[in-house]
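The values are calculated or read from the model by the stated rules, or taken from the named source; none is laboratory data. The structure displayed is predicted, hence computed values, not measured ones. Here the Cβ positions follow ideal geometry from the backbone for every residue, glycine too, while neighbour counts run over all protein chains shown. These area figures cover heavy atoms from the full protein model, side chains too; ligands, DNA and RNA do not enter into them. Shrake-Rupley method; radii C 1.70, N 1.55, O 1.52, S 1.80 Å.
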Amino acid sequence: MTVGAMARPKGAAGERELARLLTEVTGHDITRRVRNFKGEDDLQGLPGWSIECKRNKTGTPAQVSAWWRQAKRQAAAIGCEPVLFYRADFGQWRAVWNAELLLTDSRPCALPENATVEGNPQTWWAVCGM
């Protein structure tokens with residue numbers, strides 16, 4: 001079995017695991033997009049959000065940066081907010097989202113371009129839940 005062929009079941013299992021977690025955290029019925037095509041997000045069922053899911057051996061900063069760019073492209077194509085969830089082997093799920101979502105009219109500030117925030121899925125929903 002090739003490395004790519006081995007990665008597909010791991011990715012699908014990660015998507016199912018994350019869908020269950022996000023259903024519990026958000027109260028929405030989050031499901032895996034079974035037949036996703038290139039450029040589509042991985043999970044569906046959360047209005048206003050494009051969910052990208054990555055299950056990888058390491059989750060290095062360079063990988064997370066590349067995954068975030070992918071999440072932003074996919075979200076822009078469908079007019080939604082991007083959110084990236086990733087989990088390294090033996091690790092916990094992490095969420096990455098736009099730092100701009102933390103700003104309010106009463107708390108404006110200048111953020112660097114493409115600023116992101118990272119936390120666990122529960123924190124992401126507590127801060128950004130719609």
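Here are the numbers for this structure:
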quantity: Odd one out for residue 41, checked against (1) touching a Ser or Thr at 6+ places or on another chain (Cβ under 7 Å); (2) modelled with pLDDT of 95 or more; calculated: (2)
quantity: Test: residue in segment 82-90 that is without any contact (Cβ under 8 Å) to a residue 12 or more places away in the chain, open to solvent by less than 80 Å² (accessible area, probe 1.4 Å), in a loop (DSSP other than H, G, I, E, B) and at negative phi; calculated: no
quantity: Of all residues making up segment 36-71, the number that are in a helix (DSSP H, G or I) and closer than 13 Å to residue 98 by Cα; calculated: 4
quantity: Residue, surrounded by the fewest Cβ atoms within 10 Å (Cβ to Cβ), within segment 48-81, restricted to residues that are out of contact with any Gly (no Cβ under 8 Å at 6 or more places or on another chain) and among the aliphatic types (A, V, I, L, M); calculated: 62
quantity: So residue 74, is it of a type outside the set (Ser, Thr, Tyr), at pLDDT 95 or above and not in a strand (DSSP E or B); calculated: no
quantity: Filter pass, residue 36 being in contact with a Lys or Arg (Cβ under 8 Å, 6 or more places away or on another chain) and either of a type in the set (A, V, I, L, M) or at pLDDT below 95 (or both); calculated: no
quantity: Cβ-Cβ under 9 Å pairs, at least 6 apart or on other chains, segment 12-30 side under 19 Å from residue 88 (Cβ atoms), far side assigned to a helix (DSSP H, G or I) and open to solvent by less than 60 Å² (accessible area, probe 1.4 Å); calculated: 18/121; 21/121; 22/121; 22/125
quantity: Residue satisfying condition, being modelled with pLDDT under 90 and touching a helix residue (DSSP H, G or I) at 6+ places or on another chain (Cβ under 7 Å), within set 111, 84, 103; calculated: 111
